[in-house]
Structures are given as C-alpha cells and as structure tokens.
Amino acid sequence: MKAAIIGAGGEALHTIKKAHEHGLSVVALDGNPQAEGLKAADQKFVIDISNEDVTIETLKRERPDFVLTAPIGRYLTTIGAVNDALGLPGVSKETAVLCTDKLKFHETLSKKNLRKCHCFGIDVRAIADTDGEISEERAFQMEHSVKNEFFGLTFPAILKPRYGSGSRGIYMLADKQQLKEALCAVGREPYVLEECVAGEEYGVDGAVTKDGFFMILLRKKENTPPPSRQAVGYFSVLPDDSFWQQVKNYMAEVIACLGLEECLLHADVIRTGQGPFVVELSARPSGHNLHNLFTPLCTGVDMAEEYIKYRMGLPYCFEAACTKPMMIHYFDMQGTVREVPDQNRVEMALNVKLAAWQCNLKEGDELTNVSNGHSLMGRGFFVLEGEADSDLLVQAQRIKSLFL
C-alpha cells in the first residue's frame, strides 16, 4: 500500500517513520526542496502544495491508497481537494475550509449555538491604499467602522489572520483605540475580529473514525501573559476530571456540526463558566512535539500510528488505558545562558521523573522574550511525570534555574 504526505516538514517525520514500520510506501510533496520529510520518503515531489491542480495531477499518477496528515496550516485545504478528486477517505475540501477559515468556522458553529461570541471579518485590503498605507481618509472610514460595523462587540478583543493556524499575527486589544492602531499595523491579508473569551486554555488531541469521535488527551496550557499568550507548557488532564467529559461531549457536537469524518484532529478550547468554548479546530495532529511525543507518553496512544492501522484495515485503538499526570515544558527563560546542564545533572536535581529531554541551547545564547511559537520551539523541551500540576511547575522552574 502507498500513503501520501502533503506538506513534508520536520513534523512529518514521525508519521513517515510509523508508515514505514507498517510496510507502507510513502510519497511526499512539499514546496521546499530541503524539507526533512522529502528526504525520508520513498518518493518525493517538490511542488507548490498551494496549487491544488498540480498536487492532484501529481498524486493521480502515483495513486496513493490514502493521505496521511502531519501538522499543516492553511493548505489542509489541498489535502481535502486531493481526497475529493481521488475519491480517498479523510477530510474533504469543504470541511478543510471550515477548519482553516476562521470566519466560516465561527459562522457554522454559531448557527448551532456552539460558539457564543461576536466575530467579524475584516478585509484590510479594502481599507488600505494601493501602497499598503492607511491614508487619513481611510483612517476616518476605519474609525467609522469601529463605531458602527462592529456593533455589539465587547473588549478585550482578538484580531487574528482569517486563514491558517498558529499564533502568528495575533493582537489582543483592550479598547477601540488599540483596534484602530492594530488595523493600521497589520499586513494586507484578511483578518477576523472577535471577543476575547475569558478562561483557562486547553488543547485537545483526538480522532474521528467510522466508530465515532475519540478524545485521546486533554491538555491544560501554561501561557505567557497577554498580549502574546504563547503556550510554554502543557499539563495532561486525567479523564476523571469533570471538565474532561464536558469537553468530550462538546467536541462531539462540534465535530458533527463541521461534518468531520475519518481524520485526526486537534483543537484549542477555553474553559468558561458556561462550559467549553472552541477557539480553533483543525483536521490534523498537533505540532510542537505533542502528538508524536507528549500524547503517547501520557496515554500510550500514538495517534499517527493508530490512524495508519485504521487506514490499513488493521485493529486499532484510540482509547487510552490510563492517562499519566505529566507536563511538557519548553525553555521560556530570558537572559544569557551561563551553562547547559547535562541530562544526568537535571535528573539529580528533580524529585519527579524526567520522561523526555531535548535541549538545543548553548552557553552564551541570549534568550529574548517569548512572543510566538517560532521563537520558542527551537530551544527544546522536557517532559516530567509527577502528581500535582503545582509540583511539576516547581520542578520546571528548578530545571530552568540551572541555565542562568
């Protein structure tokens, strides 16, 4: 059997490895000739995966049995288009659009009362001059829009790119003045503006098969303060937590509303006083060493491997026998790295289990403020297994103190 990977960066390596372990031939496509997944695949094609027609024609010749998804952003839609054109199982173009277009995502869920907030689309190109500058006249028009078009919006609010996923280009706005300033600062791509829903943030790893929705892991986030709100750590949430079941039931409704079928997924969810609120959802696995490392360590479920087995008609299981209390943390320190401890020294400094360790820091590195995922993920990570979240946080601080 043959599987295709569309978007073959470094985060596709785990899926390719698991596919090979199960005897699959892998054909990988990416626009970057140096993409790590291309080097690991059996066949490779350097093509612009934003071009659906070229991607479809390439894979028509290769005739894969199915498409496997690795972490990917906006061009999940290309995967959907390929599945539709080749009659393959998995996410469709229609549902991929709902996952990657934040305005359509909101409109679809709000009709079923599954997303309760004001959300507006903003075409920055319509209010910018041809050279991208905002003239005094356009600024006046913008102010008029802020006063009238966004009627009912309450602050704080979030301004973020309409398409794709991830933490890029996000503005947290306290009032209308900050909104006007942000509209003048953003690029020319479409944006969405929505109310900031208050509460703790969580991540969901799951899968949808013909047997229904499986929630594999619920992760509580540790974020930096506003406005960046960048995740610097995750804690596993045990299934005996009442919120775990609330999220599972809610996500099953969201998935049915979006029409998702036979795919892996990850979502960002906020815990509010009225229950879960989904921020975003995408029909592909989570990145940042979550689906390929943290989720298997916590649950014993390798979602990439289980999905491969499902697609091959083999016995599969997305349900965790047990979930361990664990935390993954990234190196979010600021300052000059004075020394880099080896793994043995780190283990001796802890009173919990060090389950995984990858440190890419070097002596003399200048660590700046964490503003987005790109500025953080290259530094490395560690995974701890303990009991209480509070103790795991203390142990994480102990590790980071060894560097500065």
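The values are calculated or read from the model by the stated rules, or taken from the named source; none is laboratory data. Just so we're clear, the structure is a prediction, and the values are computed from it rather than from any experiment. In this analysis, Cβ positions are derived from the backbone assuming ideal geometry, glycine residues included, and neighbour counts consider all displayed protein chains. The accessibility values were calculated without ligands, DNA or RNA, using every heavy atom of the protein model including side chains. Shrake-Rupley method; radii C 1.70, N 1.55, O 1.52, S 1.80 Å.
List the strands (runs of 3 or more DSSP E) inside the stretch 231-320, counting only whole elements, that have at least 3 residues being closer than 21 Å to VAL67 by Cα.
Ranges flagged: 263-272.
Within the set of pairs 6 or more residues apart or between chains, which connect a residue that is within 16 Å of LEU258 (Cα to Cα) inside the stretch 188-217 to a residue that is surrounded by fewer than 18 Cβ atoms within 10 Å (Cβ to Cβ) and of a type in the set (Lys, Arg) with Cβ atoms less than 8 Å apart?
Note: pairs meeting the criteria are PHE213/LYS248.
Is there any pair linking a residue in the stretch 302-314 that is free of Cβ contacts under 8 Å to residues at least 60 places away in the same chain and of a type outside the set (Asp, Glu) to one that is in a helix (DSSP H, G or I) and open to solvent by less than 40 Å² (accessible area, probe 1.4 Å), with Cβ under 8 Å and at least six apart or on different chains, and which?
That search, which allows pairs on different chains as well, returns nothing.
For ASP240, all conditions in the list (1) open to solvent by less than 30 Å² (accessible area, probe 1.4 Å); (2) closer than 29 Å to GLY386 by Cα hold save one; what is the number of the exception?
Unmet for ASP240, out of (1) open to solvent by less than 30 Å² (accessible area, probe 1.4 Å); (2) closer than 29 Å to GLY386 by Cα: (1).
For the stretch 81-97, which residues satisfy the criterion of being crowded, with 19+ Cβ neighbours inside 10 Å, touching a residue at least 24 places away in the same chain (Cβ under 8 Å) and assigned to a helix (DSSP H, G or I)?
ALA81, VAL82, THR95, ALA96
Across the stretch 253-267, what is the total count of residues that are surrounded by fewer than 19 Cβ atoms within 10 Å (Cβ to Cβ) and under 11 Å from VAL204 (Cβ atoms)?
Summing the residues that are surrounded by fewer than 19 Cβ atoms within 10 Å (Cβ to Cβ) and under 11 Å from VAL204 (Cβ atoms) in the stretch 253-267 gives 0.
When ARG115 is evaluated against the numbered criteria (1) farther than 23 Å from LEU264 by Cα; (2) of a type outside the set (Gly, Ala, Ser); (3) assigned to a loop (DSSP other than H, G, I, E, B), which criterion, by number, is the only one it fails?
Unmet condition: (1).
For the stretch 331-349, what are the residues that are aliphatic (A, V, I, L, M) and surrounded by 11 or more Cβ atoms within 10 Å (Cβ to Cβ)?
Hits for the stretch 331-349 are MET333, VAL337, VAL340, VAL346, ALA349.
From the list ASP205, ASP175, ASP123, exactly one residue is closer than 20 Å to PRO226 by Cα and either open to solvent by 30 Å² or more (accessible area, probe 1.4 Å) or at pLDDT 85 or above (or both). Which is it?
ASP175
How many residues, within the stretch 369-404, are surrounded by fewer than 13 Cβ atoms within 10 Å (Cβ to Cβ) and closer than 14 Å to VAL232 by Cα?
Residues meeting the conditions: 4.
Taking the options LEU314, LEU290, LEU361, name whichever one is at pLDDT 95 or above, surrounded by fewer than 19 Cβ atoms within 10 Å (Cβ to Cβ) and touching a strand residue (DSSP E or B) at 6+ places or on another chain (Cβ under 8 Å).
LEU361
Failed condition for VAL197, given (1) among the β-branched types (Val, Ile, Thr); (2) in contact with a Ser or Thr (Cβ under 9 Å, 6 or more places away or on another chain); (3) within 22 Å of ARG115 (Cα to Cα); (4) open to solvent by less than 10 Å² (accessible area, probe 1.4 Å), with all others met?
Status for VAL197: all satisfied but (4).
Just to be sure, is CYS322 touching a Ser or Thr at 6+ places or on another chain (Cβ under 9 Å) and open to solvent by 30 Å² or more (accessible area, probe 1.4 Å)?
It is true that CYS322 is touching a Ser or Thr at 6+ places or on another chain (Cβ under 9 Å) and open to solvent by 30 Å² or more (accessible area, probe 1.4 Å).
When the stretch 127-171 is examined, which residues are found to be modelled with pLDDT of 65 or more, open to solvent by less than 50 Å² (accessible area, probe 1.4 Å) and outside any loop (DSSP other than H, G, I, E, B)?
Passing the criteria: ALA157, ILE158, LEU159, LYS160, PRO161.
Going residue by residue through the stretch 98-118, is there one that turns out to be surrounded by 22 or more Cβ atoms within 10 Å (Cβ to Cβ), of a type in the set (Val, Ile, Thr) and in contact (Cβ under 8 Å) with a residue 24 or more places away in the chain?
Checking the stretch 98-118: at least one residue is surrounded by 22 or more Cβ atoms within 10 Å (Cβ to Cβ), of a type in the set (Val, Ile, Thr) and in contact (Cβ under 8 Å) with a residue 24 or more places away in the chain.
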